[in-house]
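The values are calculated or read from the model by the stated rules, or taken from the named source; none is laboratory data. Model, not experiment: these values are computed from the prediction. Methodologically, a virtual Cβ is constructed for each residue, glycine included, from the backbone with ideal geometry; neighbour enumeration extends over all protein chains shown.
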Amino acid sequence: MSRLMNIDELADYLRLQKQTIYNWLNQGKIAGIKVGGVWRFDRKDVDAWLKSRRRVLRGEKQ
C-alpha cells in the first residue's frame with residue numbers, strides 16, 4: 001500500500017510553503033484527495049508528477 005502524506009508532510013517533502021501546495025491544488029497543478037476535510041497526497045503519485053515535470057523541463061532552453 002502506498003503512503004499518504006498530509007499537506008505538512010508534502011510541503012516538507014517538496015521543501016515548499018504550505019500555501020504553494022494550496023495554490024497548486026486550486027490551479028489544478030497537483031492532485032490530492034480530501035479525506036475528512038484534510039488533504040492527502042499519494043507519495044507514488046507525487047513522485048510520478050515530479051518525474052513528469054522533469055521531462056518537460058529537460059527539453060526547455062534555459
Segment 43-59 residues that are under 15 Å from R15 (Cα atoms), paired with ones that are in a helix (DSSP H, G or I) and at pLDDT 90 or above (beta carbon under 7 Å, 6 or more apart) = V46/L10
Those residues that are more than 12 Å from the chain's Cα centre (by Cα) and modelled with pLDDT of 90 or more, I need them from segment 36-62; list them, please.
-> G36, G37, V38
The condition from (1) part of a helix (DSSP H, G or I); (2) at pLDDT 90 or above that K29 misses is numbered (1)
Please specify each residue of segment 2-26 satisfying the condition of being at pLDDT below 90 and of a type in the set (D, E, K, R).
-> R3
May I ask you to list the residues in segment 24-55 that are surrounded by 12 or more Cβ atoms within 10 Å (Cβ to Cβ) and either β-branched (V, I, T) or in contact with a Gly (Cβ under 8 Å, 6 or more places away or on another chain) (or both)?
-> L25, I30, W39, R40, F41, V46
Tell me which residues, restricted to segment 1-15, are closer than 17 Å to R53 by Cα and more than 10 Å from the chain's Cα centre (by Cα).
-> R15
